[in-house]
Amino acid sequence: MNSVAPFAHEALFYRDEDDFLDGTASFVADGVNKGEPVLVAVSEARIALLRERLDGKADEVHFIDMTEAGRNPGRIIPGVLMAFSASTQGRFRMVGEPMWPGRTDLEYPACVQHEALINTAFEGRQGVMMCTYDAAALPGHVLEDARRTHPVVIEGTKRVASECYTDPSGLADIYNVPLPPPPASAEEHTFSVGTLAHMRKVVSAYANWLRREQVEDLVLAVNELATNSILHASGRGVLRMWREGDAVVCEVSDSGKGFPPSFTGLSGFGIVMVNLLCDLVRTHTSHTGTTVRVYLGR
């Protein structure tokens, strides 16, 4: 009887370039040799190292720059990992680095929730996901959370079951943390079903300094959030808008329970679509309601 789970989620802790290559190159090459589709989603610098080590086998690997495709942690599962696995048949392998030095405190809770949700999103599928962590550069609490989100941890030649592994839904709840308050200068509008068209115009006008396609994406994302508020909350909500550096920030608040924190497929609606459109999405749900904050132009 085969006791190995169909899907394995592993964390690789590396401390330098050689350590990274020792941990990933054989994993990738073994997949290629077995005819398994292989995705590598890491930084361009790490991709270059792997290409050189893999030599001709690199041509059989699908590479993606994670710092671009995964700059919004909530986009990684539906837009990168599931998009790849959906295109494969049989067993697959993936290498990803969703948490790299330079991730902000604002992004971090979404990164941990992403790692936790991988365990439910791919449950029962035939594949292996290896997530790499720069143990020399990342702070200790990041590595502690990696042990909580990955059933298996690899350090050097040691591959062990994580004693800290935590139920994915419970860990996602832990990082369901309140968002920083909007600035006093934030523009505020209430909305209901009869004012959705006006709300879209307000968002478009406020973000008119972004590129046209960015404005269109932002209007679509905010409209999706507002529609969810109308359908599943009290029939109304509050929109707040402000700027943070190069980004337009839009926040939709209502009295509802929000979107479920899971990805079970490549659905083209709801919070999945919002994550695909925006540069960062943060959500907080409490007993008083739900707040979803989206950033575009970061």
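Of the conditions (1) in contact (Cβ under 8 Å) with a residue 24 or more places away in the chain; (2) of a type outside the set (Asp, Glu); (3) out of contact with any Phe, Trp or Tyr (no Cβ under 8 Å at 6 or more places or on another chain); (4) at negative phi, Val215 satisfies every one except a single condition; which number is it? Only one criterion in (1) in contact (Cβ under 8 Å) with a residue 24 or more places away in the chain; (2) of a type outside the set (Asp, Glu); (3) out of contact with any Phe, Trp or Tyr (no Cβ under 8 Å at 6 or more places or on another chain); (4) at negative phi is unmet by Val215, namely (1).
Cβ separations smaller than 6 Å between residues 6+ apart or across chains give the following pairs from the stretch 282-298 residues that are on the phi < 0 side of the Ramachandran plot and surrounded by 22 or more Cβ atoms within 10 Å (Cβ to Cβ) to residues that are small (Gly, Ala, Ser) and in a loop (DSSP other than H, G, I, E, B): Thr290/Gly256; Thr290/Gly258. Checking each residue in the stretch 20-72 for being β-branched (Val, Ile, Thr) and part of a strand (DSSP E or B) picks out Val38, Val40, Val42, Val61, Ile64. Here Arg159 clears all of (1) surrounded by 19 or more Cβ atoms within 10 Å (Cβ to Cβ); (2) assigned to a strand (DSSP E or B) except the condition numbered (1).
Scanning the stretch 13-52 for residues that are more than 19 Å from Ile76 (Cβ to Cβ), touching a strand residue (DSSP E or B) at 6+ places or on another chain (Cβ under 9 Å) and hydroxyl-bearing (Ser, Thr, Tyr) yields a single hit, Tyr14.
For the stretch 92-131, the set of residues classified as of a type in the set (Asp, Glu) and in a helix (DSSP H, G or I) consists of Glu115 only. Do you know which residues across the stretch 112-145 are under 14 Å from the mean Cα position of the chain (by Cα), over 17 Å from Ala8 (Cα atoms) and not aliphatic (A, V, I, L, M)? Gln113, the sole residue that qualifies. Put simply, of Gly79, Gly56, Gly74 the only residue that is crowded, with 21+ Cβ neighbours inside 10 Å and modelled with pLDDT under 95 is Gly74.
The values are calculated or read from the model by the stated rules, or taken from the named source; none is laboratory data. Owing to the predicted nature of the structure, the values given are computational and were not obtained by experimental measurement. Every residue, glycine among them, receives a Cβ derived from its backbone with ideal geometry; neighbour counts consider all protein chains shown.
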